[in-house]
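J.: Here's a structure for you.
Read the figures in this text as sums done on the coordinates, not as results from a lab. Keep in mind that what you see is a predicted model, and the values were worked out from it rather than measured. All Cβ positions, glycine included, derive from the backbone under ideal geometry; neighbour counts span all protein chains shown.
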Amino acid sequence: MATVELRFSPLPEHVRTARLVAAAVARRAGVDESVLDELRLAVGEACSRAVGLHQHGGLGGAVRVALTDQEKRFVIEVGDGAGTLSELAASSEDESADGSDDTLGLAVITGLVEDVEVGRDEAGGLIRMSWPVQPA
Amino acid sequence: MATVELRFSPLPEHVRTARLVAAAVARRAGVDESVLDELRLAVGEACSRAVGLHQHGGLGGAVRVALTDQEKRFVIEVGDGAGTLSELAASSEDESADGSDDTLGLAVITGLVEDVEVGRDEAGGLIRMSWPVQPA
Amino acid sequence: MDLSLSTETVGDRTVVKVGGEIDVYTAPKLREQLVELVNDGSYHLVVDMEGVDFLDSTGLGVLVGGLKRVRAHEGSLRLVCTQERILKIFRITGLTKVFPIHSSVADAVSATD
Amino acid sequence: MDLSLSTETVGDRTVVKVGGEIDVYTAPKLREQLVELVNDGSYHLVVDMEGVDFLDSTGLGVLVGGLKRVRAHEGSLRLVCTQERILKIFRITGLTKVFPIHSSVADAVSATD
Ligand SMILES: Nc1ncnc2c1ncn2[C@@H]1O[C@H](COP(=O)(O)OP(=O)(O)O)[C@@H](O)[C@H]1O
Ligand SMILES: Nc1ncnc2c1ncn2[C@@H]1O[C@H](COP(=O)(O)OP(=O)(O)O)[C@@H](O)[C@H]1O
C-alpha cells in the first residue's frame with residue numbers, strides 16, 4: 001500500500017493541497033530539501049493535468065495521489081479517472097487553450113524529474129515519478 | 001464523495017499530515033479561522049486514536065480521513081480499520097498506558113467539537129465531526 | 001498563498017506586478033488581468049515576476065496567451081525575473097526563447113528591440 | 001515543527017522547558033525525558049509549556065504519567081502555562097484539577113503547597 005494516499009474531486013483548489021501533502025510527506029521520508037521545490041512543482045503539474053482532463057471531459061470521480069516511501073526512493077503516482085480521454089488529450093493540440101497547457105505541463109514534469117513514466121492504469125492516465133531518499 | 005480523502009498507514013508521523021490537510025482544506029472551504037485550531041486538534045485526536053487501535057491490534061490497513069464540503073457544514077470523518085477492536089478499546093481501561101490516552105482523546109474531541117458522533121462502519125470505528133462554514 | 005496583482009503605467013508601458021503563487025487555481029485571475037489590459041488598449045506589457053513564489057505550467061500558458069494577444073496588436077510582453085527557480089521553468093519549457101526576460105523593471109520598460 | 005527539550009536545575013527543582021508540538025509523534029521523546037529525570041532522582045519537576053505550539057491528548061497522557069512517577073517518590077510535577085489555547089485542553093479534560101498550573105517558572109519553582 002502507499003504510505004499516504006490522497007483522493008480529491010477534480011477542482012483546481014485541491015491541487016494546492018496535493019502539493020502541500022506531497023512535499024510534507026516527502027520531506028519527512030527523507031527526500032533532500034534541495035529537490036522539494038521541484039517535487040512540489042512536478043506533483044502540481046501532474047495533478048493540474050489530471051484536473052484538466054476531468055474538467056474537459058465533464059467527468060466526476062477523483063484524482064488520486066499515492067505517496068510511497070520505499071527503501072531508497074520516494075515514489076509519487078498521480079492517476080486520473082479520465083479513461084481513454086487521457087490519451088487523446090496527451091496527443092491532441094487544444095487550440096482553444098492559451099499556450100497548450102497540457103504540453104507545457106508534461107514539458108515541466110519531464111524537464112524536472114529524472115525518473116518519470118507517463119503511462120496508464122484501469123482508471124485512466126498514470127504519472128509515476130520518484131526521487132532518491134537520504135538514508136536516515 | 002468526499003471532497004478530499006486521505007488514507008495513511010497507521011504511523012504517528014502521518015497524523016501530522018492529516019492535521020495539516022484537514023486545516024488547509026477546511027480553511028479553504030470557509031471554516032472560520034477561530035475554530036481551525038480546534039479542528040486541527042480534534043482531527044489529530046481522532047487520527048491518533050485510530051493509529052493507536054491499529055498499533056495495539058498489530059493491524060495493517062489504513063486510517064481514512066474524509067473531508068466533505070457540504071453547503072453549510074464542513075464534515076470530517078475519521079475511520080479506523082480496527083473492526084471490533086475499536087469498541088473494546090473505547091470501553092476498556094488500558095492500565096498499562098500512561099494516563100489512559102484513549103479516554104483523554106475522546107474527552108478532548110467531545111470537549112472541543114459541538115457536533116460529533118462516535119460510531120462505526122464496516123471497517124471499524126468512525127468519528128464524524130462537523131463545523132459551520134461561512135457563506136463565501 | 002494567493003496571487004496578488006497591481007498595475008502601473010510607465011510611459012507607453014504597463015507594468016503588471018505579480019506576487020504569490022501562479023498556479024492552476026490562481027492563473028485565471030492573471031489571465032483576466034492581461035485580457036482586460038489588452039482590451040483597454042495596453043499593448044506593451046511588462047510582467048514583473050520578482051514577487052512570484054510559485055509558477056506552474058498553467059501560469060506559463062497564461063503568459064503565452066498574453067503574448068499572443070499583444071502581438072495581435074503589434075505589442076510586446078516582457079518579463080522581469082531574476083529568481084533562478086522561476087527562470088528554470090522558462091528554460092526547461094523552451095520559453096526563454098519566446099519571452100524577453102529582463103533583470104529589472106527599469107531595464108524592461110526601456111528595452112526596445 | 002518538532003519538539004524541543006531542555007532542562008535546568010533550580011534549587012531542588014528541575015525545570016523542563018518544552019517547545020514545539022507535543023503530539024502522538026513527539027510525545028515519546030517527552031516521556032523518555034521525564035522517565036530519565038525520575039530515574040536519576042529528580043522528583044520535583046516543573047514543566048515549562050510556554051513554548052508549546054500544539055498539545056494533544058498523547059501529550060497530556062505523558063504528563064499524567066510523569067505525575068504518577070514523581071508521586072511514587074513523594075515528588076511533584078508543576079506546569080507553567082499561560083496560553084489560553086493550551087489551558088483550554090487541560091480544562092476540558094479536567095486536568096486543571098490534577099496539575100498545579102503556574103503563570104511563571106519563578107512562581108512554580110517557589111511554590112510549596
Ligand atoms: N498549498 C496549499 N495547499 C493547501 N492549502 C493551502 C495552500 N496554500 C494555501 N492554502 C490554504 O488556503 C487558504 C486560502 O488561501 P488563498 O489562496 O489565500 O485563498 P483564497 O483564494 O480564498 O484567497 C490559506 O489560508 C491556506 O491555509
Ligand atoms: N503538521 C504537519 N504535517 C505534515 N508535515 C509536517 C507537519 N509539521 C511539520 N511537517 C513536516 O515535517 C518535517 C519534519 O518535521 P520535524 O517534526 O521537524 O521532523 P523530525 O521529526 O524528522 O525532526 C517538517 O520540515 C515539515 O515539512
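J.: Which FRET efficiency, nearest 0.05, do C:ASP40 and A:LEU59 yield, Cβ-Cβ r, R0 51 Å?
T.: Calculated value: 0.85.
J.: Ignore the peptide's own chain and count Cβ atoms of other chains within 10 Å of each Cβ in D:16-25; give me the average, rounded.
T.: Counting other chains' Cβ atoms within 10 Å and averaging over D:16-25 gives 4.
J.: Moving to a separate point now. Over all directions, how big on average is the projection of the convex hull of the alpha-carbon atoms in the range D:55-113, in square nanometres?
T.: 4.0 nm²
J.: Out of the trypsin sites (Lys or Arg not before Pro) in the range B:12-91, which ones are loop residues according to DSSP with at most 14 other C-beta atoms within 10 Å?
T.: B:LYS72
J.: Under a no-solvent Debye model with one identical scatterer per Cα of chain D, what's log10 I(q)/I(0) at q = 0.21 Å⁻¹?
T.: For chain D, the Cα-only Debye profile gives -1.19.
J.: Quote the Stokes-Einstein diffusion coefficient, in whole µm² s⁻¹, for the protein assembly as shown, based on the Kirkwood radius over alpha carbon pairs, a temperature of 10 °C and a viscosity of 1.306 mPa s.
T.: 63 µm²/s
J.: Okay, moving on. Quick check on the protein assembly as shown: helices-only [θ] at 222 nm, where DSSP H runs of length 4 and up contribute -39,500 (n - 2.57) each and the sum goes over total residues. Nearest 500, please.
T.: -13000 deg cm²/dmol
J.: Over the C-alpha atoms of the range A:2-132, what are the Rg and the largest Cα-to-Cα span, Dmax, in Å?
T.: According to the Cα coordinates of the range A:2-132, Rg and Dmax are 13.8, 44 Å.
J.: Past the 23 Å Cα-Cα mark, which pairs from C:LYS29/C:LYS97; D:LYS17/D:LYS88; C:LYS17/C:LYS88; D:LYS29/D:LYS97?
T.: C:LYS29/C:LYS97; D:LYS29/D:LYS97
J.: Based on the Cβ-Cβ distance of C:SER104 and A:LYS72, what FRET efficiency does E = 1/(1 + (r/R0)^6) give at R0 = 35 Å, to the nearest 0.05?
T.: 0.20
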